[in-house]
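*Asks:* Below is the structure I would like to discuss, written out as structure tokens.
The values are calculated or read from the model by the stated rules, or taken from the named source; none is laboratory data. What you see is a predicted model, and the numbers here were worked out from it, not measured in a lab. Counting neighbours? That spans all protein chains shown, and the Cβs are built from the backbone with ideal geometry, glycine included.
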Amino acid sequence: MIDWIKVNGIEASEYFINGLALGHYNVPVILVAGDEALMEEVSPEIDRLALKSAVSRYAARSKSLRLIKKELTYACARALERFRMGAIKPMKTKEPIRIEMRFTHTESADYAELLPSAKRIDGKTIAFESRDILEGYRTMELLIFAIYGGRQ
């Protein structure tokens, strides 16, 4: 599938890409809850709550549901209050944007390179420019669906 994606030179997780898409509409990310590893990439100005920590690729240690509910209730209230005070700004990036996609297999990059705006960077990596993050997001989705279809 995909080794990594970069947006304007920054390695971009699903959180980062979705945050930029929200920022396009001037909507800030006010709370991120999930795996402990995800918290490392979340900006300090955004409220965050680790709900689990990975033990392996397929296993995690999770908090009790009672504790998660209590902590999420508090975190949501705090995040909403900070949002109302204007303390959290939308995520933005300069436009037009440059997206790089590194695939796990060279044939995936071969297919992605068929996109007229794509340029081959190396055996597994292509890059393209988009007007904004929404156009870039749609292009990434198109490439993924065209290359992999409904396969996982």
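*Asks:* Has region 77-98 got any residue that is hydroxyl-bearing (Ser, Thr, Tyr) and surrounded by fewer than 15 Cβ atoms within 10 Å (Cβ to Cβ)?
*Replies:* Checked region 77-98: no residue is hydroxyl-bearing (Ser, Thr, Tyr) and surrounded by fewer than 15 Cβ atoms within 10 Å (Cβ to Cβ).
*Asks:* Please determine, by comparing only the residues of region 88-99 that are among the basic types (Lys, Arg) and not in a strand (DSSP E or B), which one is farthest from ILE133 (Cα to Cα).
*Replies:* As a first pass, look at region 88-99 and keep what is among the basic types (Lys, Arg): 89, 92, 94, 98.
Within this subset, residues satisfying the condition of being not in a strand (DSSP E or B) are 89, 92, 94.
Values: LYS89: 17, LYS92: 9, LYS94: 9 Å.
My answer is LYS89.
Quick grid of which residues meet (1) out of contact with any strand residue (DSSP E or B) (no Cβ under 7 Å at 6 or more places or on another chain); (2) farther than 14 Å from LYS89 by Cα:
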site	(1), (2)
TYR15	no, yes
LEU20	no, no
VAL27	yes, no
ASP35	no, yes
GLU41	yes, yes
PRO44	yes, no
ALA59	yes, yes
ARG66	yes, yes
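*Asks:* Okay, next question. Considering GLU107, GLU141, which residue is in a helix (DSSP H, G or I) and over 22 Å from the mean Cα position of the chain (by Cα)?
*Replies:* GLU107
*Asks:* Here's another thing I want to ask about it. Would you check if LEU22 is of a type in the set (A, V, I, L, M, F, W, C) and surrounded by 17 or more Cβ atoms within 10 Å (Cβ to Cβ)?
*Replies:* Working: of a type in the set (A, V, I, L, M, F, W, C): yes; surrounded by 17 or more Cβ atoms within 10 Å (Cβ to Cβ): no.
So LEU22 fails the test.
*Asks:* It is to be established whether one or more residues within region 10-22 are at pLDDT 95 or above, on the phi > 0 side of the Ramachandran plot and out of contact with any helix residue (DSSP H, G or I) (no Cβ under 7 Å at 6 or more places or on another chain).
*Replies:* The answer is no; no qualifying residue exists.
*Asks:* In region 1-23, which residues are small (Gly, Ala, Ser) and within 22 Å of ALA33 (Cα to Cα)?
*Replies:* Within region 1-23, ALA12, SER13, GLY19, ALA21, GLY23 meet the criteria.
*Asks:* While we're here: Condition first: over 13 Å from ARG102 (Cβ atoms) and surrounded by 16 or more Cβ atoms within 10 Å (Cβ to Cβ). Now tell me which residues in region 8-17 satisfy that.
*Replies:* ASN8, TYR15, PHE16, ILE17
*Asks:* If you don't mind, there's one more thing I want to ask. Looking only at region 123-138, how many residues end up being loosely packed, with under 14 Cβ neighbours inside 10 Å and assigned to a loop (DSSP other than H, G, I, E, B)?
*Replies:* 2
*Asks:* Check ARG120, ARG102 and return the single one that is touching a Lys or Arg at 6+ places or on another chain (Cβ under 6 Å), in the same structural domain as ILE10 (by TED's automatic domain parsing), in a strand (DSSP E or B) and not hydroxyl-bearing (Ser, Thr, Tyr). Step through it out loud before you land on a result.
*Replies:* Numbers: ARG120 fails: touching a Lys or Arg at 6+ places or on another chain (Cβ under 6 Å).
Going through ARG120, ARG102 in turn, the sole match is ARG102.
*Asks:* Can you pull out the residues in region 102-117 that are in contact (Cβ under 8 Å) with a residue 24 or more places away in the chain and either surrounded by 14 or more Cβ atoms within 10 Å (Cβ to Cβ) or among the small types (Gly, Ala, Ser) (or both)?
*Replies:* First pass over region 102-117, keeping only residues in contact (Cβ under 8 Å) with a residue 24 or more places away in the chain: 102-104, 108, 111-112, 115.
If the condition is that a residue be in contact (Cβ under 8 Å) with a residue 24 or more places away in the chain and either surrounded by 14 or more Cβ atoms within 10 Å (Cβ to Cβ) or among the small types (Gly, Ala, Ser) (or both), then ARG102, PHE103, SER108, TYR111, ALA112, LEU115 are the ones that fit.
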